[in-house]
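S.K.: Input: one structure, supplied below.
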Amino acid sequence: MKRDFISIADWPTDELDKIFALAAELKEKQKRGETRPYLGGKTLAMIFEKSSTRTRISFEVGMVQLGGYPLFLDSRSTQLGRGEPIEDTARVMSRYVDGIMIRTFAHENVTEMARWASVPVINGLSDLLHPCQVMADLFTVLEHKKSFRDLTFCWIGDGNNMANSWINAAAAFGFELRLATPKGYEPDAAVLEPARARGARVLLTNDPLEAAHQAHVLNTDVWASMGQEEEQLKRQKAFAGFQINSDTLRVADPECVVLHCLPAHRGEEITAEVLEGPHSLIFDEAENRLHVQKAIMVTLMG
């Protein structure tokens, strides 16, 4: 029976832990120069309706390192861009490839692809969720803190797909999560309420310093995500003060770490001083997209 990676909420905690363990193993083997064709002869179709740096490179390189073949597809190079229904594309692709990764706008595009495909589907990003990124973030914290279950995580900024995936992670792993957003930019209630019903400890606030108080992990994202460019000026006003900076670090745990999924707008959601400073794990975090996604692909397609 095929499995998909659409949301962290879909996976039992022990199986998520196995993905972290496999990611650590694959990372260590790569550092030692050891290779093994876990996905030898297999092909991953990568559908991009949103442009990308880290998602494309990490999946493409990861698939090659696993012995498989990545196939880059965008809307212009497929019939999806001319209105072919997802259910038709999914069924045809399933006869050609061994897995599908899709990075898109509407979350429904991901769920429909998974519904109709007979091969595993990975959510590379949707407007609702970004599970691969949060898995890489958690793996990064695990490397540096040895555990994250007793830590307090702080999110400052938009209640976007990243915030929603952090909520799902809080439900899965039991850590405390505090989200500071401007009024009107809270995370999706359709994600928050089921997560709370599963035991997620989530505090919502409009005060960034309240969220950051004694927090072990500080996290943020751009104020206007891809597709929200026309809201840029409005969001700059709404998000003024929702920044990770030296004041934020002063109220956080002295050994706190800082994350950002990138790309970053220095001087907006995070200062250059913090991004380049000793608390930042941002570039470790970016690298770990590769290792965690390799583990997800092996788990689904191996």
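S.K.: Which numbered condition in (1) among the polar types (S, T, N, Q); (2) farther than 29 Å from Ala171 by Cα; (3) touching a strand residue (DSSP E or B) at 6+ places or on another chain (Cβ under 6 Å) is the only one that Thr55 fails?
M.R.: Thr55 satisfies every listed condition except (2).
S.K.: Also: Across segment 1-45, what is the total count of residues that are small (Gly, Ala, Ser) and closer than 26 Å to His107 by Cβ?
M.R.: 4
S.K.: Condition test on Met101, is it surrounded by 24 or more Cβ atoms within 10 Å (Cβ to Cβ) and touching a residue at least 60 places away in the same chain (Cβ under 8 Å)? Show your work before the answer.
M.R.: Working: surrounded by 24 or more Cβ atoms within 10 Å (Cβ to Cβ): yes; touching a residue at least 60 places away in the same chain (Cβ under 8 Å): no.
No, not satisfied.
S.K.: Val61 is checked against (1) surrounded by fewer than 20 Cβ atoms within 10 Å (Cβ to Cβ); (2) over 23 Å from Met162 (Cβ atoms) and fails just one. What number does that condition carry?
M.R.: So Val61 meets the others, but not (2).
S.K.: Between residues in segment 110-124 that are touching a residue at least 24 places away in the same chain (Cβ under 8 Å) and residues that are in a helix (DSSP H, G or I) and of a type in the set (Ser, Thr, Tyr), which pairs lie under 6 Å by C-beta distance while being six or more apart or on different chains?
M.R.: Gly124/Thr55
S.K.: Right, next: Give the residues of segment 38-56 that are hydroxyl-bearing (Ser, Thr, Tyr) and closer than 13 Å to Lys294 by Cα, sorted by residue number.
M.R.: First, pick out the residues of segment 38-56 that are hydroxyl-bearing (Ser, Thr, Tyr): 38, 43, 51-53, 55.
Tyr38, Thr55, listed by residue number.
S.K.: Among the residues of segment 61-95, count how many are among the charged types (D, E, K, R) and touching a Phe, Trp or Tyr at 6+ places or on another chain (Cβ under 7 Å).
M.R.: The initial filter retains those residues of segment 61-95 that are among the charged types (D, E, K, R), namely 74, 76, 82, 84, 87-88, 91, 95.
Narrowing further to those that are touching a Phe, Trp or Tyr at 6+ places or on another chain (Cβ under 7 Å): 74, 87, 91.
Count: 3.
S.K.: Exactly one of these conditions fails for Ser225: (1) under 20 Å from the mean Cα position of the chain (by Cα); (2) of a type in the set (S, T, N, Q); (3) more than 24 Å from Ala170 (Cα to Cα). Give me its number.
M.R.: (3)
Yes or no, residue by residue, for (1) hydrophobic (A, V, I, L, M, F, W, C); (2) crowded, with 20+ Cβ neighbours inside 10 Å; (3) in a helix (DSSP H, G or I); (4) at pLDDT below 95:
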site	(1), (2), (3), (4)
Leu22	yes, no, yes, no
Lys27	no, no, yes, no
Pro37	no, no, no, no
Ser52	no, no, no, yes
Ile57	yes, no, yes, no
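S.K.: Same structure again: Being surrounded by fewer than 17 Cβ atoms within 10 Å (Cβ to Cβ) and either aliphatic (A, V, I, L, M) or out of contact with any strand residue (DSSP E or B) (no Cβ under 8 Å at 6 or more places or on another chain) (or both) is the filter here, so list the residues in segment 265-283 that pass it.
M.R.: His265, Arg266, Gly267, Ala272, Glu273, Glu276, Pro278, Phe283
S.K.: Among the listed residues Val191, Val202, which satisfies the condition of being aliphatic (A, V, I, L, M) and under 18 Å from the mean Cα position of the chain (by Cα)?
M.R.: On the way: Val202 fails: under 18 Å from the mean Cα position of the chain (by Cα).
Selected residue: Val191, the only one of Val191, Val202 that is aliphatic (A, V, I, L, M) and under 18 Å from the mean Cα position of the chain (by Cα).
S.K.: Considering Arg115, Arg201, Arg149, Arg196, which residue is among the basic types (Lys, Arg) and either within 25 Å of Ala238 (Cα to Cα) or touching an Asp or Glu at 6+ places or on another chain (Cβ under 7 Å) (or both)? Steps first, answer last, please.
M.R.: Working: Arg115 fails: either within 25 Å of Ala238 (Cα to Cα) or touching an Asp or Glu at 6+ places or on another chain (Cβ under 7 Å) (or both); Arg149 fails: either within 25 Å of Ala238 (Cα to Cα) or touching an Asp or Glu at 6+ places or on another chain (Cβ under 7 Å) (or both); Arg196 fails: either within 25 Å of Ala238 (Cα to Cα) or touching an Asp or Glu at 6+ places or on another chain (Cβ under 7 Å) (or both).
Testing whether each residue is among the basic types (Lys, Arg) and either within 25 Å of Ala238 (Cα to Cα) or touching an Asp or Glu at 6+ places or on another chain (Cβ under 7 Å) (or both) leaves just Arg201.
S.K.: Report yes if Ile270 is touching a helix residue (DSSP H, G or I) at 6+ places or on another chain (Cβ under 7 Å), β-branched (Val, Ile, Thr) and modelled with pLDDT of 95 or more, otherwise no. Please lay out each step first, then the result.
M.R.: Working: touching a helix residue (DSSP H, G or I) at 6+ places or on another chain (Cβ under 7 Å): no; β-branched (Val, Ile, Thr): yes; modelled with pLDDT of 95 or more: yes.
Criteria not met by Ile270.
S.K.: Another question, then. Residues in segment 71-89 that are farther than 27 Å from Asn160 by Cα and buried (at least 20 other Cβ atoms within 10 Å of the Cβ): how many?
M.R.: Of the residues in that region, 1 qualify.
The values are calculated or read from the model by the stated rules, or taken from the named source; none is laboratory data. Just so we're clear, the structure is a prediction, and the values are computed from it rather than from any experiment. Positions of Cβ are generated from backbone atoms using ideal geometry, with glycine treated the same way; all protein chains shown enter the neighbour counts.
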